[in-house]
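Asker: Quick one: the structure is below, and I'll ask about it shortly.
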Amino acid sequence: MSLVMSMKINRMSINAIDLSSSEPRLSDELFPIAENNQVIDDFFRTHFLETREGKSTKSCQFIDEDATVKTKINRFVSNKTDEEFIKLSRELTENLFRIMKNSSSNSSGTFFVFEVEIGEEGCIFLIKLDPKQGVQVNYTNLTLSVLENILPDSNDRVHKCAIIRFNKPVNEKAELFVMDKQQKEGEPARFFIESYLQAEELLNDKIITREVVREAKEKFISILPEVDPNKIFESIDREFSNGSRIELNTAIKNVLLDNVPSDKIDREMYINNKSNEFVRDYLSKYPDHQTTFTVERKDQTVVYRSEKDQIYFRFNKGIFTQINVDKDTEGNTIIKIDKSLKFKRDLK
């Protein structure tokens, strides 16, 4: 079952943040989920999935056990009543409002707080939605309606989301997944992650790169037995070159486009399905990981060797385009080295 299909919304609350006011507008009632519009429901499910698997997602952990958001959620978990959820929603909104008032942000909007179940796991899901015509929020009673076909397409409105896990498996490190689309590359002000959630990124690019490259090589040799493994490895090395900014689904799709035979039946559908499957399987195996990262590889050489190590051939990746390794019709390996390299035998 997919992540979105298995998602169950238990409780939901809507609050309003107007930075021109002295206080946020806080709801004292739950949003009536049973009466929910299907368009609205699909919208929140879509953004839950993007917060978990999207290109702007960061896997994080709380800086310490006394982080404000964490302690408030733990208090709710110990007594999961409607009253405690409303109290949690109001306090989380008040905290965000105060931090935003003291920051350079001028982005008012609507703040949604959810209690969500994914299988055996419980989460608090937060969404900050910026104002835009098309969504109708009644600020008197904090209810929500939608003009058809507007809300699901308004991805530019959703800038900040967080999935906070309150009963995660003990062997997983990620306590929360955070999406902050307004965060610019290299921007020092990170108030949503650092000041509001009091969290920090969990992983580094080197770890993710190593595991992704290894999984890709193993996976594609398995699903493409008719393709020369050397060709697959070359495609992976090109796509995951050091310093490249990667969105995993796109990168995997590019490798498949390089290697899936052109006469494959339903080729485009096959490539899309296999790239989506790779990302799902990868996140299942490495649930703390994220799908966007900058490649960090220190392996600057390409190595070929025979099964029993009788032959060992290594070259620097900087001359990758000047080396060609291929097979002839009989399965023999042919290595072509560009004459500009002046390749010759040592006199030793």
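Asker: Return the total of residues in the range 274-300 being over 28 Å from P169 (Cα atoms) and loosely packed, with under 14 Cβ neighbours inside 10 Å.
Answerer: Number of matching residues: 3.
Asker: Name the one entry in T329, T321, T301 that is at negative phi, of a type in the set (S, T, N, Q) and touching a strand residue (DSSP E or B) at 6+ places or on another chain (Cβ under 6 Å).
Answerer: Unique residue meeting the criteria: T301.
Asker: Inspect all residues belonging to the range 53-73 and state whether any of them is among the polar types (S, T, N, Q), at pLDDT below 85, open to solvent by 40 Å² or more (accessible area, probe 1.4 Å) and under 23 Å from G119 (Cα atoms).
Answerer: No: zero hits.
Asker: Here's a follow-up. Name the single residue, out of those in the range 167-224 being among the hydroxyl-bearing types (S, T, Y) and either modelled with pLDDT under 85 or open to solvent by 40 Å² or more (accessible area, probe 1.4 Å) (or both), that is farthest from T93 (Cα to Cα).
Answerer: Initial filter on the range 167-224 (among the hydroxyl-bearing types (S, T, Y)): 195-196, 209, 222.
Then keep just the ones that are either modelled with pLDDT under 85 or open to solvent by 40 Å² or more (accessible area, probe 1.4 Å) (or both); that gives 195, 222.
Working: S195: 14, S222: 49 Å.
Here the answer is S222.
Asker: Does P261 satisfy the criteria of being in contact with a Leu (Cβ under 9 Å, 6 or more places away or on another chain), over 20 Å from T57 (Cα atoms), open to solvent by 10 Å² or more (accessible area, probe 1.4 Å) and not in a helix (DSSP H, G or I)?
Answerer: Taking the combined requirement at face value, the residue satisfies it.
Asker: Follow-up. Tally time: how many residues in the range 264-299 are assigned to a loop (DSSP other than H, G, I, E, B) and either without any contact (Cβ under 8 Å) to a residue 40 or more places away in the chain or basic (K, R) (or both)?
Answerer: Residues that pass the stated criteria total 6.
Asker: If I ask for residues that are outside any helix (DSSP H, G or I) and either among the hydroxyl-bearing types (S, T, Y) or open to solvent by 30 Å² or more (accessible area, probe 1.4 Å) (or both), which ones from the range 83-117 would you list?
Answerer: Answer for the range 83-117, where residues must be outside any helix (DSSP H, G or I) and either among the hydroxyl-bearing types (S, T, Y) or open to solvent by 30 Å² or more (accessible area, probe 1.4 Å) (or both): N102, S103, S104, S105, N106, S107, S108, T110, E117.
Asker: Looking at (1) out of contact with any strand residue (DSSP E or B) (no Cβ under 8 Å at 6 or more places or on another chain); (2) open to solvent by less than 80 Å² (accessible area, probe 1.4 Å); (3) modelled with pLDDT of 85 or more, find the lone condition where C161 falls short.
Answerer: Answer for C161: the failing condition is (1).
Asker: If I14 passes every condition in (1) open to solvent by 40 Å² or more (accessible area, probe 1.4 Å); (2) not in a helix (DSSP H, G or I) but one, which one does it miss?
Answerer: Going through (1) open to solvent by 40 Å² or more (accessible area, probe 1.4 Å); (2) not in a helix (DSSP H, G or I) one by one, I14 breaks only (1).
The values are calculated or read from the model by the stated rules, or taken from the named source; none is laboratory data. Only a predicted model underlies this, so the values are computations on that prediction, with no experimental measurement involved. When we count neighbours, we look across all protein chains shown, and the Cβ atoms used for this are built from the backbone with ideal geometry, even at glycine. The protein model used for the area step is the full one, side chains on, heavy atoms only, and it has no ligands, DNA or RNA in it. Shrake-Rupley method; radii C 1.70, N 1.55, O 1.52, S 1.80 Å.
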